[in-house]
1. How far apart, in nanometres, would the label points at Asn291 and Asn163 be if each is projected 7 angstrom from Cα along the Cα-to-Cβ direction?
2. Measure off 7 Å from each Cα along the Cα-to-Cβ vector at Phe243 and Asn191, then give the distance between these two points in nanometres to one decimal.
3. Given the peptides 201-211, 302-312, arrange them by the average over their residues of other C-beta atoms within 10 Å, most packed first.
4. If I model a spin label at Ala27 and Asn224 as a point 7 Å from the Cα along the Cα→Cβ vector, what separation in nanometres do I get?
5. Please compute the net charge surrounding Phe86, taking Lys and Arg as +1 and Asp and Glu as -1 over other residues with Cβ under 12 Å from its Cβ.
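We did not get these values from a lab; they are worked out from the coordinates using the rules stated. Here the structure is a predicted model, which means the values were calculated and not measured. Counting neighbours? That spans all protein chains shown, and the Cβs are built from the backbone with ideal geometry, glycine included.
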Amino acid sequence: MTIENTKTYKGKEVDNLFFRPTFTGTASERFDVRVLYNMPLPTTVQVWSGGQNILQEFSCGWSGEPCTKKQQKTIQMQKVKAENAFSAENYNSLIYEQFVTSADVNMGDLTGTELEKIETEMFRKAIAENIRVTMWLGDTFGEVSDYGMFDGFLRHLLDATNNESGIKYESFPDADDTGDAKEILNLCWTNASEVLKAMRPEGNLVFYVSSSVYNKYLEYLQDNSSDATYNTLANVEKQLCFFGIPVVEVPLGRYHQNFATTFCILTDRRNMVLALNTADSPENEVRMWYNPDELENRQRAVFLAGTTVIDPELVSWVYSSEE
């Protein structure tokens, strides 16, 4: 097997080599949202709410609630493809670089499973990063961004805000400036519903913030805190927190140069759902091949993807966008 060989993966190979190692288990934690992988189509999310008062005075017979309430939401899955191309010269250099850092490698014989492993890892990382970006910027209407494969979280939140669905929303007084990041985070917390605030002890609340807000909050902590206080506010892994709630940066600017959106979103991370499916599409495959006409090494993956915000009422956010 060489760099020029065509490599085609289908069915369980796509699952085991490319998607399951990235989107299941601890690996999925890098996305900081709830990830559903290969759920049956149509992909639905079910949320069961327990009775508000299930304790009853003892008596014969049944005196409990008639039925536990269920909220169900269907995720609109879209068929998408990921494509990547490298000039043959650059591709060879990338592969060689990976081999150079490995011991006991014969540079005159770049063949076999090690070569396939490096190519697979490169494409797997590229797919994961582009899914991360699209799950936030995705907009099939093309109003928020030019990532039109499927709607992302910002599109869902904007739609919920415009439909007055009960979402807690505030706009920045000045779209050109994020202002006081601490004030922005506090505004999100203050405007949150009591139901959302009551979920804090469960440990799943999170502030998702744009890089502009994150950097200004970091500056605030550095300028207004001693080293001891800063290390208390940001744990040993330098996870910024506000009221004990993690502040997670959502870096998007380098993928969309005209992206001038500033946001701060407070919600339960289980409320934001990314769904992926590699099992229910006939065209499901990953392919890597060399095109001698264009002197390019090409990569392609076909799969299903979609996102949803389960309950917009469990969101409080501050948002602004330069036109």
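1. My value for the distance between the label points is 4.0 nm.
2. 1.3 nm
3. 302-312, 201-211
4. Each label point is offset 7 Å from its Cα along the Cβ direction, giving 4.1 nm.
5. Net charge in that neighbourhood comes out at -4.
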